Amino acid sequence: MSTANAAANSLREAIVGAVKNAQANGALPETEMPAFVIEVPADRSHGDLAANAAMVSARAFRSAPRKIAETILQYLDLNDTYFSRCEIAGPGFMNFFYNDAFYASVIREILSEGEHYGRSDYGQGKRVLVEFVSANPTGPMHVGNARGGALGDTLSSVLEAAGYQVAREFYINDAGNQIEKFATSLEVRYLQMYQDGVEMPEDAYHGQDITDHAKHFAEINGDKYVSAPAEERRKALVSYALPLNIQGLERDLLKYRIKYDRWFRESTLHNSGAVADIVKQLTDKGHTYEQDGAVWFKASEFGADKDFVLVRSNGLPTYVVPDIAYHYDKLVTRNYDIAIDVLGADHHGYVPRLKAALTALGVDASRLDVVLMQMVFLVKDGERVKLSKRSGKAITLVTLLDEIPIDAARFFFNLREANSPFEFDLDLAIDKSSQNPVYYVQYAHARICNILKTLAAQGITPTSCTDEQLALLKAPEEIELILKLSALTDEIVTSAKEYDPSRITRYVYDVANLFHKFYNACRVMNDDPSLTQARLSLCLATRTVIANILNMFKINAPESM
């Protein structure tokens, strides 16, 4: 348990104990005390923690909140807590202030736990499958995939730090309409090398990658497939190009520092009969009907806005059926406790349909959580960069990573909540100044390393500090920094609860900012050896927190810059 959580727990016990003592002495009526909240006040000058115990007890104790607070305070014993005093404010708010032991304990905890600091068992080992990116393997990944990759990977890391057992998965759409379009695009480019007048359909893939695949296929096979049956030609082209695309996806994502535990192919669901089984299960349960030769799912009976088609009149399943089968596989066959999808915001209407089908199949749909991600806009020279996927001139993930450092990409894409549109400033990402947030954070880490190196050259190395030494950290900049460091565990848990790793990005930026303030206000090496050691301990604790977060997000923590 973190020092911050231990402090809150000890305070709760002290308040409950005070109420019981007051009741035993007749100062408060013998009735059950209502549940109360302990939280960090909005204005820290009012206290480090605040409790609404007196406010919520007014009806139960038939007394004014302030009088209740005064009674609790009369019987309150803070000796075995991390608090020095309590002040009553307004109508009965109780504000508590940390003692020196709290600040010393935070620094000791961080230095003792090292790379494990911030981790907890909040998730209790529950198995979570995070599926993200899952770009169609018909072409290179675009900038939206870059945001999804950073978001999904860092969310997975946050969940792991919060005590969940996490697996990362990429879903390969290697069946269905997009593969048919892929085949058409390859076929046209191939035939165009040998025949005149072969036109590319407007809705086909026009990217340079399609032309390159067709060219290389022709270099290997020549005109062998020009006169072959269309189905044979298309199958040969896809069999050649698709594995190369999938290898490219894996290679590019590894460059982006993303390694998946499993690449799951949609085709396996078709080949195993899982797709057909979904339709059969829903039909057997009476949740489908036929209309105009198609099989419809009664989705409106399970929370969706309207019914939808499962099987077209031509006997082919719609795209949603393998998706249902895939999520059924996640939650039933493989029995993950939670499945999380990171999807584009355009899937907003798709999610209720998927959940409706899972509910109809007898699956608890609340076990499926979806993080909807808004669009990314690239900005260069103060103007948005125009993107066009159809023309093949889109900025791909690889192109982006050639333009900017990977550290910047992973950090920047987690600066905002997933549901917020994001402008990615390409110029700022390569800027080596305090205006660049990732540079600012990395510089704080490097600055601490430089402080340690400089002092070591003078024969001053960190030693284990006594409580008396750590109690010398009294400056506002020192206290504010320690308070921020103490919050890491709770920040990670909250980030995991909300599926929002951007909280941690903002948190580490705040840590860096407070460290720079501390460094500018407080000389680490000074005339008091004990204070020097205390400040060295604070530097080491800060470096540990910054390094832990950067490592968790797979961002470098440099020792010099």
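The values are calculated or read from the model by the stated rules, or taken from the named source; none is laboratory data. Fair warning: this is a prediction, and the values are worked out from it, not measured in the lab. With ideal geometry, Cβ positions are generated from the backbone for all residues, glycine too; neighbour counts draw on all protein chains shown. When the accessible area is computed, the model is the full protein with side chains, heavy atoms only, and any ligands, DNA or RNA have been set aside. Shrake-Rupley method; radii C 1.70, N 1.55, O 1.52, S 1.80 Å.
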| note | Expected single match for out of contact with any Pro (no Cβ under 9 Å at 6 or more places or on another chain), surrounded by 22 or more Cβ atoms within 10 Å (Cβ to Cβ) and assigned to a loop (DSSP other than H, G, I, E, B) among Gly123, Gly118 is Gly118
| said: Looking at segment 150-174, I want the residues that are within 16 Å of His116 (Cβ to Cβ) and have a partner that is of a type in the set (S, T, N, Q) and open to solvent by less than 20 Å² (accessible area, probe 1.4 Å) with Cβ atoms under 7 Å, at least 6 apart or on another chain. Which pairs are those? | reply: Val158/Ser495
| note | A careful count of residues in segment 1-24 that are open to solvent by 20 Å² or more (accessible area, probe 1.4 Å) and closer than 19 Å to Ala64 by Cβ gives 1
| said: Among the residues of segment 285-299, what is the count of those that are in contact (Cβ under 8 Å) with a residue 40 or more places away in the chain and not in a strand (DSSP E or B)? | reply: 4
| Of all the residues that make up segment 193-252, how many are of a type in the set (Asp, Glu), in contact (Cβ under 8 Å) with a residue 12 or more places away in the chain and surrounded by 11 or more Cβ atoms within 10 Å (Cβ to Cβ)? | 4
| field | Residues satisfying the stated conditions in segment 252-302, i.e. more than 30 Å from Ser157 (Cα to Cα) and small (Gly, Ala, Ser) | value | Ser272, Gly273, Ala274, Ala276, Gly286, Gly293, Ala294, Ala299, Ser300
| query | Just one of the numbered conditions (1) closer than 16 Å to His287 by Cβ; (2) in contact with a strand residue (DSSP E or B) (Cβ under 7 Å, 6 or more places away or on another chain); (3) open to solvent by less than 10 Å² (accessible area, probe 1.4 Å) is not true of Lys355; which one? | reply | (3)
| said: If I ask for residues that are free of Cβ contacts under 8 Å to residues at least 60 places away in the same chain and in contact with a Leu (Cβ under 8 Å, 6 or more places away or on another chain), which ones from segment 424-440 would you list? | reply: Leu426, Gln435, Asn436
| query | Of the numbered conditions (1) open to solvent by 10 Å² or more (accessible area, probe 1.4 Å); (2) under 23 Å from Val342 (Cβ atoms); (3) assigned to a loop (DSSP other than H, G, I, E, B), Ala167 satisfies every one except a single condition; which is it? | reply | (3)
| Only one of these conditions is not met by Ile88: (1) open to solvent by less than 30 Å² (accessible area, probe 1.4 Å); (2) in contact with a Lys or Arg (Cβ under 8 Å, 6 or more places away or on another chain); (3) more than 23 Å from Leu488 (Cβ to Cβ). Which number is it? | (1)
| note | In segment 408-441, residues that are open to solvent by less than 20 Å² (accessible area, probe 1.4 Å) and either of a type in the set (S, T, N, Q) or within 19 Å of the chain's Cα centre (by Cα) (or both) total 14
| said: Let me spell it out: the conditions are (1) in contact (Cβ under 8 Å) with a residue 60 or more places away in the chain; (2) farther than 30 Å from Ala161 by Cα; (3) open to solvent by 30 Å² or more (accessible area, probe 1.4 Å), and Arg44 meets all of them except one. Which number is the exception? | reply: (2)
| Contacts under 8 angstrom Cβ, first residue in segment 103-125 being within 11 Å of Ser537 (Cβ to Cβ) and of a type in the set (Gly, Ala, Ser), partner at pLDDT 95 or above and part of a helix (DSSP H, G or I), 6 or more apart | Ala104/Leu470
| remark: Those residues of segment 301-352 that are under 20 Å from Val279 (Cβ atoms) and among the acidic types (Asp, Glu) come to a total of 4
| said: For segment 52-96: of the residues being out of contact with any strand residue (DSSP E or B) (no Cβ under 9 Å at 6 or more places or on another chain) and touching a residue at least 60 places away in the same chain (Cβ under 8 Å), which is nearest to Ala14 (Cα to Cα)? | reply: Asp77
| request: Just need a number here: residues in segment 253-280 that are touching a residue at least 60 places away in the same chain (Cβ under 8 Å), under 29 Å from Ala357 (Cβ atoms) and open to solvent by 40 Å² or more (accessible area, probe 1.4 Å). | output: 5
| said: Show me the helices (runs of 4 or more DSSP H) entirely contained within segment 1-71 in which 2 or more residues are more than 39 Å from the chain's Cα centre (by Cα). | reply: 3-24, 58-61
